[in-house]
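One structure is given here, and the rest of the page talks about it.
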Amino acid sequence: MSGTSAIRTPTGLRWPPQGATAAPAARESSESRLRVSPGARGPQGTRVSMRLGPWLAGSGGEPTVGALGVLADNAIGREIYGRRPPNTHSVTAELSIDVVAQPPWAAPNLVADAQLHGRDATGCVAGCEIRDGAGRLVALATGRFRWVEIPPAVTARRGAGPSARLAPDAHHSLLDALGLADAGPTRHGELGRLVLPGGTVFGNLSNTVHGGVLLCLSDLVTDALAEPGRPERTTGIRVHYLRPAELSQATTATATAVHRGRSVVIYRVSTAGPSDRPCTLATVTRERAAPGQPG
């Protein structure tokens with residue numbers, strides 16, 4: 001991430017936290033909207049779960065790969081954060097998800113088990129396996145992180161802890177859960193666009209958008225460019241994080257097809273705020289059905 005006077009943690013928190021002297025009020029969040037658990041450390045690593053339901057569904061009515069972004073980012077980020085060197089935070093540089101089994105996935109939950117793969121003086125790599133309620137492996141995720149040194153005076157400060165969660169409303173699709181039910185992806189010539197308005201739900205004290213939400217937007221926006229009668233399904237997403245997306249400002253995801261073969265389409269997707277400086281760059285790989293066949 002770009003250098004600032006504050007440091008962003010893997011879960012998006014900024015140090016020193018703003019307004020950390022008072023207990024934070026209960027609020028909605030990326031995790032509450034997508035029904036992602038707080039997670040827990042165990043002897044084999046970190047485990048985070050996500051409840052399956054219509055709030056994860058894309059245009060085809062099945063859970064989407066993009067909806068796995070918050071689950072994977074939280075699981076890997078928590079595993080890394082607990083293993084960082086003294087007086088440092090860990091900053092996400094890359095996050096990728098590869099699909100092993102396409103939906104439908106067995107209820108009630110998806111479970112992500114994260115483990116550290118390796119580390120050195122500059123950062124580390126960790127990953128997680130995501131399994132459904134039947135124990136079937138549905139996806140593999142990998143994250144690359146950098147260590148960022150924290151001044152001792154900042155490290156010594158204590159925050160007020162995470163906000164309590166408000167129970168989410170009933171959401172009928174992933175776009176609905178993102179507050180975009182009436183403003184989904186649109187096509188503009190050869191470009192697809194999807195705009196996440198500025199607000200308070202999908203970030204935290206850092207006023208930056210959750211990295212998993214940026215991955216989710218990068219997947220959803222490609223729907224705008226699918227050819228009529230040729231349904232597509234995502235098989236892989238790789239996101240490079242360049243700078244934070246400010247929570248108070250609108251974030252626009254823009255997609256273009258860089259390769260369109262008979263069975264595979266590769267998209268290049270960027271997210272950016274009003275300045276148009278990219279916050280993320282992503283490659284999204286999607287398989288598409290043969291003409292006249294269902295996806």
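The values are calculated or read from the model by the stated rules, or taken from the named source; none is laboratory data. Quantities reported herein were computed from a predicted structural model and do not represent experimental measurements. Every residue, glycine among them, receives a Cβ derived from its backbone with ideal geometry; neighbour counts consider all protein chains shown. These area figures cover heavy atoms from the full protein model, side chains too; ligands, DNA and RNA do not enter into them. Shrake-Rupley method; radii C 1.70, N 1.55, O 1.52, S 1.80 Å.
Full extension of the segment from T256 to S275, taken as 0.36 nm per residue of separation minus the current Cα-Cα distance, would add 4.9 nm.
For segment 87-152, the square roots of the Cα gyration tensor eigenvalues, ordered a ≥ b ≥ c, give a/c of at least 1.5 with a/b greater than b/c, which places it in the prolate category. The accessible area of R131, taken with all protein chains in place and a 1.4 Å probe, comes to roughly 80 Å². Annotation for R83 and V264: the two label points, set 7 Å from Cα along the Cα-Cβ direction, are 3.0 nm apart.
Each residue was assigned an accessible area with a 1.4 Å probe, and for S270 the value is about 40 Å².
Mind checking Rg over Rh on segment 161-220, alpha carbons, Kirkwood formula for Rh?
Values: Rg = 13.2 Å, Rh = 13.2 Å.
Ratio of gyration radius to Kirkwood radius: 1.01.
Label zone (T122, point 7 Å along Cα-to-C-beta; backbone nitrogen cut-off 12 Å) within segment 238-271: none.
Report, for segment 61-159, the % of DSSP beta bridges that are antiparallel, rounded to 5.
Details: 28 of 28 bridges.
That works out to approximately 100 percent antiparallel.
Counting only protein heavy atoms and using a 1.4 Å probe, the accessible area of E287 comes to about 80 Å².
Placing pseudo-labels 7 Å out from each Cα toward the beta carbon at V100 and R230 gives an inter-label distance of 3.1 nm. If you bin all the Cα-Cα distances of segment 217-273 at 5 Å, starting from zero, the percentages per bin are 4, 16, 29, 23, 13, 9, 5, 2, 0.
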